[in-house]
1. What is the number of the single condition among (1) part of a helix (DSSP H, G or I); (2) among the polar types (S, T, N, Q); (3) at pLDDT 70 or above that Thr29 does not meet?
2. If you take the residues of segment 116-146 that are among the hydroxyl-bearing types (Ser, Thr, Tyr) and surrounded by 10 or more Cβ atoms within 10 Å (Cβ to Cβ), which of them is modelled with the highest pLDDT?
3. Restricting the search to segment 90-110, which residues are surrounded by fewer than 16 Cβ atoms within 10 Å (Cβ to Cβ) and part of a loop (DSSP other than H, G, I, E, B)?
4. Examine segment 40-52 for a residue that is in contact with a helix residue (DSSP H, G or I) (Cβ under 6 Å, 6 or more places away or on another chain), touching a residue at least 24 places away in the same chain (Cβ under 8 Å), within 19 Å of Glu22 (Cβ to Cβ) and in a loop (DSSP other than H, G, I, E, B), and state whether such a residue exists.
Amino acid sequence: MEELEVRLEKENNDYFREWIIEEWKHHNTVDPVYQLRIIKPEELTFERNEEYYKIMFENKMVGFIGIKNNEREIYLYRIFIDNRYRGKGIGTIALNKIIDMAKEQNKDISLEVMENNIARKLYERLGFKTQYRKMVLKINDNMYAN
């Protein structure tokens with residue numbers, strides 16, 4: 001099987017404002033626990049340790065990865081692949097590049113994923129293990145309604 005040419009390109013965080021909004025909209029469709037309040041792109045703020053990378057395939061940006069690069073750990077904060085490019089192995093290659101980055105920096109990687117999120121299988125295939133379980137009791141489903 002031929003290896004796909006996938007690159008990560010670091011970019012100024014502000015570049016990703018519209019993509020982050022798209023990622024949030026996607027989570028509203030796949031995540032039954034969170035009712036996310038979609039804000040305007042200009043209202044987004046970034047923490048000092050946030051880093052964002054374009055996922056490039058065939059010289060096109062097909063998604064992005066956002067991490068929080070902490071002192072001892074890289075927290076995989078956001079990953080989004082455009083619907084048209086899912087299921088091709090692009091996400092696997094991109095995540096392996098983040099894993100390589102963590103190894104170079106001698107850091108662990110952590111993330112949070114919903115139980116029924118299809119990406120969970122990918123994370124497990126790459127060696128991620130469940131370390132703790134977050135439980136939620138939804139009292140007010142309209143809390144984050146637009």
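The values are calculated or read from the model by the stated rules, or taken from the named source; none is laboratory data. Values in this document were obtained by computation on a predicted structure and should not be read as measured data. Note that each Cβ is placed from the backbone with ideal geometry, even for glycine, and that neighbours are counted across all protein chains shown.
1. (3)
2. If we take residues in segment 116-146 being among the hydroxyl-bearing types (Ser, Thr, Tyr) and surrounded by 10 or more Cβ atoms within 10 Å (Cβ to Cβ), then Tyr123 is modelled with the highest pLDDT.
3. Residue satisfying the conditions is Asn106 alone.
4. There is at least one residue in segment 40-52 that is in contact with a helix residue (DSSP H, G or I) (Cβ under 6 Å, 6 or more places away or on another chain), touching a residue at least 24 places away in the same chain (Cβ under 8 Å), within 19 Å of Glu22 (Cβ to Cβ) and in a loop (DSSP other than H, G, I, E, B).
Every residue, every condition in (1) among the polar types (S, T, N, Q); (2) surrounded by 13 or more Cβ atoms within 10 Å (Cβ to Cβ); (3) at pLDDT below 95; (4) under 17 Å from Lys97 (Cα atoms), yes or no:
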residue: Tyr34; (1), (2), (3), (4): no, yes, yes, no
residue: Arg37; (1), (2), (3), (4): no, no, yes, no
residue: Lys40; (1), (2), (3), (4): no, no, yes, no
residue: Phe46; (1), (2), (3), (4): no, yes, yes, no
residue: Tyr53; (1), (2), (3), (4): no, yes, no, yes
residue: Met56; (1), (2), (3), (4): no, yes, no, yes
residue: Val62; (1), (2), (3), (4): no, yes, no, yes
residue: Asn69; (1), (2), (3), (4): yes, yes, no, yes
